[in-house]
1. Just to confirm my filter: which helices (runs of 4 or more DSSP H) fall fully inside the range 201-283 and include at least 2 residues that are modelled with pLDDT of 90 or more, within 31 Å of the chain's Cα centre (by Cα) and charged (D, E, K, R)?
2. Can you list residue pairs whose Cβ atoms sit under 6 Å apart, with the first residue in the range 113-128 being outside the structural domain of Glu264 (by TED's automatic domain parsing) and the second being of a type in the set (D, E, K, R) and surrounded by 13 or more Cβ atoms within 10 Å (Cβ to Cβ)? Count only pairs 6 or more apart in sequence or on different chains.
3. State which residue pairs qualify: first residue on the phi > 0 side of the Ramachandran plot and outside the structural domain of Tyr217 (by TED's automatic domain parsing) and inside the range 255-271, second residue in a helix (DSSP H, G or I) and surrounded by 10 or more Cβ atoms within 10 Å (Cβ to Cβ) in any location, beta carbons under 9 Å apart, and separation of 6 or more residues or different chains.
4. Report, by residue number, each residue of the range 93-113 that is within 13 Å of Thr221 (Cα to Cα), exposed (fewer than 13 other Cβ atoms within 10 Å of the Cβ) and under 17 Å from the mean Cα position of the chain (by Cα).
5. If you go through the range 1-30 one residue at a time, how many are modelled with pLDDT of 80 or more and either in contact with an Asp or Glu (Cβ under 9 Å, 6 or more places away or on another chain) or loosely packed, with under 10 Cβ neighbours inside 10 Å (or both)?
6. Is there a residue being modelled with pLDDT of 85 or more, of a type in the set (A, V, I, L, M), part of a strand (DSSP E or B) and outside the structural domain of Met267 (by TED's automatic domain parsing) anywhere in the range 134-151?
7. Kindly provide the set of residues from the range 177-198 that are more than 33 Å from the chain's Cα centre (by Cα) and without any contact (Cβ under 8 Å) to a residue 60 or more places away in the chain, ordered by number.
Amino acid sequence: MAKSRSIDQSLDVKTNDQYKALLHEIQFAEKEIASTEDKILELMVDADTRASEVKAAQAELKAEAAEIEEEKEQAHQRTAEDEKLLAEWRGKRDQLRAGIDADLLRHYERVAKFRGTGISEVRDHKCMACQVMLRPQTYNEVRSGQQTVYCDSCQRVLYLNPADELVDQKPTVHHPRRHHPKIDAPQAWYYRAEYGEAGEVYLCLTNAGTQASRRVYEIHTGRMIGDILIREGDYRLAFPEEITGAIRLNGDWPEEELEAWGTEVPMVVLDSLYADLEAARYEMSARAAKHEAPAAVPSEQAAS
């Protein structure tokens, strides 16, 4: 438009200077037109490129969406299959659990919670889970299969596969010198082989100020029997009937920790007490063999 106007104005020029000025203006307008046309071409080419890219991206998105839908469908099918299989196994488990003694099932679940599994194979007179040798009586009970037998060390339910049974070998066991608890310690643990209907138990006697407390725990499960009993005086004077004939064990846990246990002793504590009990029994049998002391030492002197 500027070029056309300049051409029209050239008809009215009267001097060479005016004519040259108009020619210069026409040349400038032509350059502007050429530049604008180049930009239009570039935009057109860029638009074509962008359109191709958009089409390619749309095709790729469509393919990915189809792949995702296929994977989702496969995942739904797999989930449905897994849920069906899980329901079947849960049904089988419930049927099996229904035929198991409730106390045995609770014991198994408690041990499995702390140890990862509640059962262990017996092989060559040994619990394969904790690697502790079984007493001959315990081994024979497992071998007979007539009753449920627990490992005295780890409390797992024991079973025997006759095909894997090895020839009996008498193990060589090293018994390190046992540490003896202090007789005047403010807390004392004892083992009693007979405690009414409860059978084998651990006793925890603790002094607190002018009073003494007594806790009783079943040796295998660690469950507290009855309530905490509190009497006036030192525990030796407050509970003399509990100490007589009992085996003194190593053990000292703060009162707040005892409270935190609630009604069940942790497995790690049961393991510690049982290991010390076995060491005390070995020590007592060794003394009896050397005629240094009777096999059963009553009261405070027992394995202390």
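1. 255-261
2. If the second residue must be of a type in the set (D, E, K, R) and surrounded by 13 or more Cβ atoms within 10 Å (Cβ to Cβ), the pairs left are Gly118/Arg156; Ile119/Arg156; Ser120/Arg156; Met128/Glu121.
3. Matching pairs, first to second residue: none at all.
4. Scanning the range 93-113 gives a single hit, Glu109.
5. Here the count works out to 0.
6. Looking for residues that are modelled with pLDDT of 85 or more, of a type in the set (A, V, I, L, M), part of a strand (DSSP E or B) and outside the structural domain of Met267 (by TED's automatic domain parsing), one finds none in the range 134-151, hence no.
7. Arg177, Lys182, Asp184, Pro186, Arg192, Ala193, Glu194, Tyr195, Gly196, Glu197 - these are the residues of the range 177-198 that are more than 33 Å from the chain's Cα centre (by Cα) and without any contact (Cβ under 8 Å) to a residue 60 or more places away in the chain.
The values are calculated or read from the model by the stated rules, or taken from the named source; none is laboratory data. Bear in mind that the values here come from a model prediction, so they are computed numbers and not experimental data. Glycine also receives a Cβ, built like all others from the backbone with ideal geometry; neighbour counts cover every protein chain displayed.
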